[in-house]
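Inspection log for the structure reproduced underneath, given as structure tokens.
The values are calculated or read from the model by the stated rules, or taken from the named source; none is laboratory data. Just so it is clear, the structure is predicted and the values come from calculations on it, not from any experiment. Glycine gets a Cβ as well: all are built from the backbone with ideal geometry, and neighbour counts include every protein chain shown.
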Amino acid sequence: MKRSIFYISDRTGITAKLLGETLITQFDELEYTETTIPYIDSPEKMQETVDKINRAGEQDGVRPIIFDTIIKPELRTILNQANAMMLDFFHTFIGPLEKEFEQPSSFSVGKMHAVSNVKEYDHRIDAVNFSLNNDDGATTRNYKDADLIIIGVSRCGKTPTSLYISMQFGLRVANYPFIAEDMDNLKLPKELAQHRDKLFGLTIIPERLHEIRTERRANSKYASQPQCQLEVRAVEALYRREKIPFLNATTRSIEEIATKILVQCNLSRHTRQI
């Protein structure tokens, strides 16, 4: 039986969706559809949302699940009228924390997303710009300023991982691709060798790499099974030979990849998550 899952927020919905998905993914056999409804900041919008939730429940024949971060009492009153199972993250945890800290919370809407520290905000923007300007080996002259350099074959996930780490953790991340022409005698270029302590490798199952490259450039040598196998085998051998830490990204989310990289490289975030 399919379940409808809603992430409801008076802001972006990122928090509700992140926490909700973390819980939902623990149920391997669950069939569900997801809907994120952000910026519910008026009674009218909330009533429309409740009506939509109730319609989904009627169509499914089972009540929907709601993950929400709604703060305003007047909006919560309307949301509570939905025929659904509700998991309210703020109220679930704020009460016990108020008791533990022996002080009331501010219950401020959107406080987590506010730019309260200008230097912190500027640092994150700088990190993102750095990653964009040093993507895919576009230049290597700035590697001395990098916190991390991700390496790997083309289309193994270097760029999205680099940008995610920059956006979420405020780290300057460059990435460098090994290409087909490198494979005959694959060595660590001097531009990378002199920053060995910043290197982290990504790899991928050749079959999955073949699928990804085929979507980009079908029926080419670049996307062929033999070429994908050759490149993955050569790059993994390089990682082992040069003692470069690496991770197979095939079945992992970007969030998991990023966290594992930070842990293995002993890197600390420079800013809190948005």
| When you look at residue 79, is it farther than 30 Å from residue 252 by Cβ, aliphatic (A, V, I, L, M) and either in the same structural domain as residue 251 (by TED's automatic domain parsing) or at pLDDT 90 or above (or both), yes or no? | yes
| Hits in the range 224-273 - residues which are under 26 Å from the mean Cα position of the chain (by Cα) and more than 30 Å from residue 147 (Cα to Cα) | none
| field | Residue check for residue 17: of a type in the set (Lys, Arg) and free of Cβ contacts under 8 Å to residues at least 12 places away in the same chain | value | no
| remark: With criteria (1) over 20 Å from residue 15 (Cα atoms); (2) modelled with pLDDT of 90 or more, residue 103 comes up short on (2)
| said: Checking the structure you have, find out if any residue of the range 6-28 is aromatic (Phe, Trp, Tyr), modelled with pLDDT under 85 and either over 21 Å from residue 253 (Cβ atoms) or out of contact with any Gly (no Cβ under 7 Å at 6 or more places or on another chain) (or both). | reply: no
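Per-residue answers, yes or no, for (1) crowded, with 22+ Cβ neighbours inside 10 Å; (2) out of contact with any Asp or Glu (no Cβ under 8 Å at 6 or more places or on another chain):
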position	(1), (2)
159	no, no
171	yes, no
179	no, yes
187	no, yes
198	no, no
207	no, yes
| message | With the structure loaded, tell me whether residue 88 is modelled with pLDDT of 95 or more, crowded, with 16+ Cβ neighbours inside 10 Å and either on the phi < 0 side of the Ramachandran plot or not assigned by TED's automatic domain parsing to the domain that holds residue 192 (or both) or whether it fails that test. | response | no
| message | Take the residues in the range 106-119 that are assigned to a loop (DSSP other than H, G, I, E, B) and farther than 23 Å from residue 68 by Cβ; name whichever of them is modelled with the highest pLDDT. | response | 117
| field | Every residue from the range 1-46 that is farther than 18 Å from residue 92 by Cβ and of a type in the set (Gly, Ala, Ser) | value | 4, 42
| query | For the range 49-73, how many residues are under 20 Å from residue 38 (Cβ atoms), at pLDDT 95 or above and loosely packed, with under 13 Cβ neighbours inside 10 Å? | reply | 2
| said: Cβ contacts < 8 Å: first residue outside any loop (DSSP other than H, G, I, E, B) and at pLDDT 95 or above, restricted to the range 241-252; second residue of a type in the set (Lys, Arg) and surrounded by 15 or more Cβ atoms within 10 Å (Cβ to Cβ), any location; separation 6+ or different chain. Result? | reply: 247/260
| remark: Matching residues in the range 203-258 (in contact with a strand residue (DSSP E or B) (Cβ under 9 Å, 6 or more places away or on another chain), farther than 23 Å from residue 184 by Cβ and small (Gly, Ala, Ser)) number 1
| message | Going by what's in this entry, would residue 203 be described as farther than 19 Å from residue 137 by Cα, of a type in the set (Ser, Thr, Tyr) and in the same structural domain as residue 157 (by TED's automatic domain parsing)? | response | no
